[in-house]
1. Looking at region 156-164, can you tell me whether even one residue there is of a type in the set (Ser, Thr, Tyr) and open to solvent by 30 Å² or more (accessible area, probe 1.4 Å)?
2. Go through the residues of region 194-201 one by one and say whether even a single one is polar (S, T, N, Q) and in contact (Cβ under 8 Å) with a residue 40 or more places away in the chain.
3. Can you find, within region 38-47, the residue that is nearest to LYS129 (Cα to Cα) among those that are open to solvent by less than 60 Å² (accessible area, probe 1.4 Å) and either touching a helix residue (DSSP H, G or I) at 6+ places or on another chain (Cβ under 7 Å) or without any contact (Cβ under 8 Å) to a residue 60 or more places away in the chain (or both)?
4. Could you list all residues from region 126-152 that are surrounded by fewer than 19 Cβ atoms within 10 Å (Cβ to Cβ), over 27 Å from SER58 (Cα atoms), without any contact (Cβ under 8 Å) to a residue 60 or more places away in the chain and out of contact with any Lys or Arg (no Cβ under 6 Å at 6 or more places or on another chain)?
5. With the structure loaded, tell me whether ASP60 is more than 26 Å from ASP198 (Cα to Cα), exposed (fewer than 14 other Cβ atoms within 10 Å of the Cβ), among the charged types (D, E, K, R) and modelled with pLDDT of 85 or more or whether it fails that test.
6. Say we look at region 173-187 and pick out the residues that are in contact (Cβ under 8 Å) with a residue 40 or more places away in the chain and surrounded by fewer than 20 Cβ atoms within 10 Å (Cβ to Cβ); which of these is farthest from GLU90 (Cα to Cα)?
7. Need the failing condition index for GLU65 against (1) more than 30 Å from SER92 (Cβ to Cβ); (2) open to solvent by 90 Å² or more (accessible area, probe 1.4 Å); (3) modelled with pLDDT of 70 or more, just the number.
8. For region 92-125, enumerate the residues that are closer than 13 Å to VAL44 by Cα, in contact (Cβ under 8 Å) with a residue 24 or more places away in the chain and open to solvent by 40 Å² or more (accessible area, probe 1.4 Å).
Amino acid sequence: ARIIGFFAIAAVLSLVIVFAFVLAPPPNVGPSEGQLAPNFSGQVHNSGIWEDYTFYDSIDRDWQEGQSGQWFLIQFMDTDCPHCWNDAAEMSEHHESWSTQVTFITVAVELQISGHDGSRAEIEAFKLKESYAGCYGGERNCADRPGEVHNWRYFDALTGDTASDWQIPGTPFSVLVQPDGVVAWNPQQHRNDGDSIDAAVQRLVGV
């Protein structure tokens with residue numbers, strides 16, 4: 001009788017779990033403001049080495065508006081992109097100003113353009129300003145790029161679906177994400193109002 005009772009309880013609990021899963025709304029994942037930012041998982045270059053990294057492991061799902069917490073600036077770039085080359089100095093300035101409250105993550109992608117042929121060696125050289133004849137479409141040495149050494153994570157997205165998951169229109173492209181992983185600011189939604197990443201960080205994060 002006890003065995004039968006055990007199996008009956010187990011069956012009921014299983015049904016409850018199944019119904020909860022079926023009835024629970026799916027997470028609203030996407031790159032638009034108010035959506036849970038798409039996850040990305042792979043290898044990042046950090047503190048001189050390549051190591052495993054999953055974005056969702058860094059977010060605080062219990063965070064609520066008004067609480068303190070670490071925000072995220074996720075920048076998509078291509079080491080062969082001339083605009084990314086010029087943007088490197090501005091990223092250095094942003095990191096110096098915001099890094100106490102904003103975690104920087106650069107996602108290195110490879111645009112499907114002639115002359116854009118990235119590699120991990122090129123990502124490292126761009127990040128660390130080390131000698132490598134391959135940046136800027138292969139025309140410049142990575143050590144000569146503007147700005148300082150970028151002392152934050154660079155994620156290798158040369159392959160995979162990260163760029164398409166985030167629907168990036170080109171590079172450089174930066175998105176501000178709340179501590180709970182929800183997209184707070186996407187430049188695609190502010191093309192006509194003149195709102196900038198600087199203004200968004202000041203308004204939303206307070207730095």
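1. Filtering region 156-164 down to residues of a type in the set (Ser, Thr, Tyr) leaves 159, 162, 164.
Those still in the list that are open to solvent by 30 Å² or more (accessible area, probe 1.4 Å) too: 159, 164.
The answer is yes; a qualifying residue exists.
2. Taking region 194-201 and keeping what is polar (S, T, N, Q), we get 196.
If we keep only those that are in contact (Cβ under 8 Å) with a residue 40 or more places away in the chain too, we end up with none.
No, region 194-201 contains no residue that is polar (S, T, N, Q) and in contact (Cβ under 8 Å) with a residue 40 or more places away in the chain.
3. Applying the first criterion (open to solvent by less than 60 Å² (accessible area, probe 1.4 Å)) to region 38-47 yields 38-40, 42-46.
From what's left, either touching a helix residue (DSSP H, G or I) at 6+ places or on another chain (Cβ under 7 Å) or without any contact (Cβ under 8 Å) to a residue 60 or more places away in the chain (or both): 38-40, 45.
Working: PRO38: 29, ASN39: 28, PHE40: 25, HIS45: 14 Å.
Selected residue: HIS45.
4. Correct list: GLU130, SER131, ALA133, GLY137, GLY138, GLU139, ARG140, ASN141, ASP144.
5. On the way: more than 26 Å from ASP198 (Cα to Cα): no; exposed (fewer than 14 other Cβ atoms within 10 Å of the Cβ): yes; among the charged types (D, E, K, R): yes; modelled with pLDDT of 85 or more: yes.
Taking the combined requirement at face value, the residue does not satisfy it.
6. Going residue by residue through region 173-187, those that are in contact (Cβ under 8 Å) with a residue 40 or more places away in the chain are 173-186.
In the following step, the residues that additionally are surrounded by fewer than 20 Cβ atoms within 10 Å (Cβ to Cβ) were identified as 180, 182.
Working: ASP180: 26, VAL182: 24 Å.
Going through the qualifying residues, I end up with ASP180.
7. GLU65 satisfies all of (1) more than 30 Å from SER92 (Cβ to Cβ); (2) open to solvent by 90 Å² or more (accessible area, probe 1.4 Å); (3) modelled with pLDDT of 70 or more except (1).
8. Scanning region 92-125 gives ARG120, GLU124.
The values are calculated or read from the model by the stated rules, or taken from the named source; none is laboratory data. A quick note: this is a predicted structure, and the numbers were derived from the prediction, not measured. With ideal geometry, Cβ positions are generated from the backbone for all residues, glycine too; neighbour counts draw on all protein chains shown. Side chains are part of the model used for accessible areas, which takes the heavy atoms of the whole protein and leaves out ligands, DNA and RNA. Shrake-Rupley method; radii C 1.70, N 1.55, O 1.52, S 1.80 Å.
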